[in-house]
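Enquirer: After the structure tokens below, expect a handful of questions from me.
The values are calculated or read from the model by the stated rules, or taken from the named source; none is laboratory data. Remember, it's a predicted structure, so these values are computed and weren't measured experimentally. Only protein heavy atoms, including side chains, enter the accessible area calculation; ligands, DNA and RNA are left aside. Shrake-Rupley method; radii C 1.70, N 1.55, O 1.52, S 1.80 Å.
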Amino acid sequence: MNLSTRVIRQVALLSLLVVIAPMVAFPEQFGTGLGKASLLNIVLELVFYCTALFFLNRTNSLPSLVKAGAICLAYRLSIGILLGLFITLMYSMNIRVSMTLSVFGYLPGLFLHILATPFILRPFFSADTQRSIAKPAGQPMASTAASSGMTSIAVSRDHRPADHSRFMPPNQQSASLPSSPKRPQDESSKNGFDQATHHIGVETSVKVAVLVDNEGLCLSYFTRGDISHEEYAPFALQYFEQLQPSLDRSSMGSPEKIELTLNDHRLFLARSGIFHLLVVADRQGDDLLSIRVTQGLEIAKKYFADRYGDKSPAKPERAYV
């Protein structure tokens, strides 16, 4: 589940609104009767939540849908109980009667809570229902951003020669391979490169963070879940190489940082000196992630400068090993 501070604040505010709204009209029933608690109604409510989340989050995983539907049902009962407490305080009603009305009996408020629940909780399930960012072999990932997303590019004054090699994303076979072991989480065991990637990985929306040198050799990585960093490491160079010919024709120099906003993910690419950094994160993550990416790159640069000084090796990945 996506439990970022921004999402929690959003859900809390909307929950307060749907609790207060029925109290404005209570006890007016608008021509409806009183509902009754029954197992059939609960099952139908659960089916509604699963169906709504299926279309909202576009997931085909039945266990994930059932789990999300159960969370929605628990949430709806919670705001019903909260409404019952407010009714007790405002109208001096018996607490058992007010709880029964708010959770099962007062249909205008009940329908409002049921209809609003999947929309309010949708951001919570975004991290569990993200589709894989990898596309079939031969189909550029950048085309997704061009058709349904946004792109921001920071360009520097210096100019670098570009390689015109064709960009190819990982195929689906490589995506099925088991992920490589993760680096140890003990802070004392990390060098500057590991500190850079794990500084970025602290943000819960981050899926992959890979730091490579100018030859595409991996210096450090951070992954969350079963994602393999080896699938994404080549992109850190290839995106810049594919973009450079277009910038050359416009005499705009070389890009230092690229941000792509896709349907379900955000992709950050940055480079400085001999380092290239790639970060894949959920689209609905923290808006300050771009700053954390810049900070991670600065950590790697500082560590490299402190360790090698002016005698920088031509192949930092080999020196690092």
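Enquirer: Karplus couplings for segment 39-47 from phi (6.51 cos²θ - 1.76 cosθ + 1.60, θ = phi - 60°), rounded to Hz, Gly and Pro as x?
Expert: For segment 39-47, the Karplus-derived couplings read 5, 4, 5, 5, 5, 4, 5, 5, 4 Hz, x marking Gly and Pro.
Enquirer: Give the relative contact order (percent, whole number) for segment 217-286; include only Cα pairs under 8 Å separated by 6+ residues.
Expert: 22
Enquirer: Can you work out the Karplus-derived ³J(HN,Hα) for every residue in segment 79-91? Use 6.51 cos²θ - 1.76 cosθ + 1.60 with θ = phi - 60°, whole Hz, and x for glycine or proline.
Expert: 6, x, 5, 4, 4, x, 5, 5, 5, 4, 6, 7, 10
Enquirer: Once phi is turned into θ = phi - 60°, what whole-Hz ³J(HN,Hα) does the Karplus curve with 6.51, -1.76 and 1.60 give for every residue of segment 223-229, x standing for Gly and Pro?
Expert: 10, 10, x, 9, 6, 9, 5
Enquirer: At a 1.4 Å probe, what is the % contribution of carbon and sulfur to the accessible area of segment 1-128?
Expert: Summing carbon and sulfur atoms, their accessible area is 74 percent of the total for segment 1-128.
Enquirer: Still on this structure: Just the number, please: Stokes-Einstein D of segment 1-100 in µm²/s, Kirkwood Rh from C-alpha pairs, 4 °C, 1.567 mPa s. Intermediate values should be presented prior to the final figure.
Expert: Working: Rh = 15.6 Å.
The calculation lands on 83 µm²/s.
Enquirer: Another question, then. Please give the direction-averaged projected area of the C-alpha convex hull for segment 48-105, in square nanometres with one decimal. Before the final figure, lay out each step's value.
Expert: Details: hull surface 17.3 nm².
Convex hull of Cα atoms, orientation-averaged projection: 4.3 nm².
Enquirer: Hey, can you find the accessible area per residue of segment 6-112 for me, probe 1.4 Å, expressed in square angstrom? Write down the numbers at each step before the final one.
Expert: On the way: 6260 Å² over 107 residues.
Here the residues of segment 6-112 average 59 Å² of exposed surface.
Enquirer: Just check segment 227-314 against the gyration tensor rule for me: Cα atoms, a ≥ b ≥ c as the square roots of the eigenvalues, rounded for a/c under 1.5, and otherwise prolate or oblate depending on whether a/b exceeds b/c. Walk me through the intermediate numbers first.
Expert: Values: a/c = 1.80, a/b = 1.20, b/c = 1.50.
Because a/c hits 1.5 or more and a/b fails to exceed b/c, segment 227-314 counts as oblate.
Enquirer: Here's a follow-up. What value in Å³ per residue do you get for the convex hull of the alpha-carbon atoms in segment 1-41?
Expert: Numbers: hull volume 4.4 nm³, N = 41.
Taking only Cα atoms, segment 1-41 has a hull volume of 107 Å³ per residue.
Enquirer: Near the amide H of Ser220, under 5 Å away, which other amide H atoms are found, from residues 5 or more places off or on another chain, if H is placed in the peptide plane?
Expert: Result for Ser220 returns Leu211.
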